[in-house]
Structures are given as C-alpha cells and as structure tokens.
Amino acid sequence: MDCTGHRVDWTSLGGIGLRARELAAEISRVADVCVFSPGSRPEALGAGVRLVTNETGWADELRRSDLVYSFDSPSPERLSAVADSGRPLIVENAPPLEHALYPSLLRNADRENLYRRTVEAYRTQLANGAFFTARSAVERATLAANLCATGRVTVEAMQPSGTLDALISTIPIGFSESAATRARRELDRTAPGQTFRVAWSGGLWTYLDPVFALDAVRIARSRGVPAELEFLYGAGNADNAAVRSGLLDAIENRGCGDFVTLRPTPLSPAQYFQVLAGTSALICIGRRGIENETCVRLRARDSRLFGLPTVLDRHGPTFDELTRDGLAHGADDPEEGADALESIYRKGGRRAPLDRYSYRRTAHDLCAWIAKGSWGR
C-alpha cells in the first residue's frame, strides 16, 4: 500500500491515512501487507501488516510485492515504477479537484504546472489500475465516467452485469472491526455528562466554514443548551492558516473563549475514543463548491463509528448519505444549526456503531479479488 504523502501513525493521522491503515488490517486476513508511508513514525499496525517509513526502501518493497494499492496524491515516480514492474495496481482516488484550491499551491508561481502534475498522476492511475475502490456512490459515478473517458470501459467489461463490479468495488467510508469493538466498549462505560459536547472532528480546510459552527453553538447556548465546542484538530499548517486565523478572530471578537477549545496537538488513540464517546453531536459545515459536490467527507467515519448525530450543510453527498443513515441534521444558516443542536440535546438517546459500515463487511469483494489471484502477474 503506497501511502505517499499520507502519514498513518497516530501522531499525524489524517482521513486517508486512517482509511489505508484500517483497510490494511482487513486485507491482512488474506495477504501479507506492507504499508509504505515515508514520514510516518514507526508504529505497530497489527498482525500481518508492516509499516515501512524509509523512502529508500521502496524499490525492495516493490520487488517483493505481488500487488500495489495506490491512494490520493500518488507519487508519479512510484506509479511509473509500478507500471514498469508489471505489478497489478489497485487504485483508490477521486478527481484531484480540491488540490487546485490549496493555499500552498496558489502561492506558488508555478502552480499550473504543479497542478497539472497532480492531474497527470491521477490519469496514470486510471490508465494502469487493474481494480478500483470507491469511497461512496458519487465517487464511484465520477470514477466510472473518468474510466470511460480514458478508454478503460470496454464492451467486455460491461457484459457480466452492467455494473462494472468486476472493475470497481464501492467500500463506503467506515471502520475496522477492532475500532467498532473499542468504540462500543467506550460508549458503554461513558456516563452522560451535564455538558453537551459538540465536536468538529476533522481539519480546518478552505472548503469548510468553522465560524458557522461557532455561531450555531453560540446561539444554542443563548437558548439554554449547555453546549461546548471542541475542534479536535486545531493545529495550524500552510493550507489552513487563513481559515484557522479567521476562526480564532471570531472566537475572540464574539467572546466565545470560555466554551470553545482548539486542540493544538493530535489525539492519542485512547483520547480519540474517550473524546468521541463523550461527544453528543458532531458539526461540519462545508462551503458550496465542486469538492463538496463530488466527495463524501472522510469524517463521516466518526459519525458512523459512534452513531453520532451530525449537523452539516445540505449541498452535497455527505448530507445525503448521513441522512440515509439517520444521522444528518441539515442547516443552511447558524440559526438553523442552533435549532438542530437544540433538538439533538432535547432528544438525547443511546448511540452505537453502525455495523453495516464495518470493513469486515464492505471490503469483502476487494479481499475476495485479492485472494482469488486471477489478476496474475
């Protein structure tokens, strides 16, 4: 599993890294797995999974492999090496639309060439993938369209059922069996508190609106809801500096410092499960844009793993999917966000993982394809 650019250790774990880490655990039931993640800190990933953090080890790992699994933001050089090696390639990626909005890219004078390089790497994945996984129905649809446009859809591929299931497997954003077990255990022993904790459980990116969340909680408090808002990943970086600065200014200008927390350091595994088990609702508001229209946010994992009601914008598939899960509360403005939080607070209720999103169930077709070995070499 080539996790170029995505760390998989808990000290700096993002959505892609966590997804790769948990899929590796499931694939390890049918194959030995090497997770190649330069920059990650050494860490045990479980039985049957090795983590390689030394970039110079790539050539040896590729030579030892039978298959390669490639994710978002792939290395063009490594993709080329995989193609030259003849190893079959599994691909999980979405069209790199959000990359064109990264502040770190926009500041670069050579931004068009850099972005073109990212797009070309995605096109290489489309051209060379032997099997593809998608994180949602909308991502499967965009993938199928791109595969058709690049000549990868053939008459023969369409014959078995017209679904392209022999080429694409949809594995919705979910969680490992071990995560579900731990979440259930933590939920069972967490007593209801007097504070109504609302968590923003992912990053502070340019296509999101954390000040909306701040205002919704502030209004809910004015109605007697004892809400506190916690941003679980509040550390700054080059691509969230403007959003984070705007949020900090809003916290100060609105006098919200007594009920808002930005965590400056990553959560440990124990902290993650304790904090989310003690959380009453999640909130994540996205801005209108093509990124939010074509992808389901990876933090949907938190909603599903802990059965958490989630306040979010209505414009996009994240809302559509979590609505079908019975977890979404739509909000078009902070007042409506406060309405949703108040409703969740008054209703209460017990929570549990949505087990249908366990990778033990949803990654079955991927693991069967790997175990079957019909991909040859």
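The values are calculated or read from the model by the stated rules, or taken from the named source; none is laboratory data. All values derive from a computational prediction rather than experimental measurement. In this analysis, Cβ positions are derived from the backbone assuming ideal geometry, glycine residues included, and neighbour counts consider all displayed protein chains. SASA here: full protein model, heavy atoms, side chains in, ligands and nucleic acids out. Shrake-Rupley method; radii C 1.70, N 1.55, O 1.52, S 1.80 Å.
Residues whose amide H lies under 5 Å from that of VAL35, counting only those 5 or more places away or on a different chain, are ARG50, LEU51, VAL52; hydrogens are built 1.01 Å from N in the peptide plane. For the residues VAL225, VAL211, a 1.4 Å probe over the protein chains yields an accessible-area ranking, largest first, of VAL211, VAL225. Residues whose amide H lies under 5 Å from that of LEU262, counting only those 5 or more places away or on a different chain, are PHE231; hydrogens are built 1.01 Å from N in the peptide plane.
From the Kirkwood radius over Cα pairs of segment 1-136, Stokes-Einstein at 10 °C and 1.306 mPa s returns a whole-number translational diffusion coefficient of 103 µm²/s. Remark: segment 177-356 carries a charge dipole of roughly 700 debye about the Cα centre, counting +1 on each Lys and Arg Cβ and -1 on each Asp and Glu Cβ. Using a probe of 1.4 angstrom and keeping all protein chains present, the accessible surface of segment 1-115 works out to 45 square angstrom per residue. Other residues with beta-carbon under 11 Å from the beta-carbon of ALA100 carry, at +1 per Lys or Arg and -1 per Asp or Glu, a net charge of -1. With all protein chains in place and a 1.4 Å probe, the accessible surface of segment 177-356 carries 47 percent carbon and sulfur. Measuring with a 1.4 angstrom probe and ignoring ligands and nucleic acids, ASP72 comes out at about 20 Å² accessible. For GLU228, the accessible area of its heavy atoms, probed at 1.4 Å with every protein chain present, is near 80 square angstrom. Taken per residue, the accessible surface of segment 319-377 reaches 57 Å², heavy atoms only and a 1.4 Å probe. Charged side chains reduced to their Cβ positions (Lys and Arg at +1, Asp and Glu at -1) give the chain a dipole of some 800 debye around its Cα centre.
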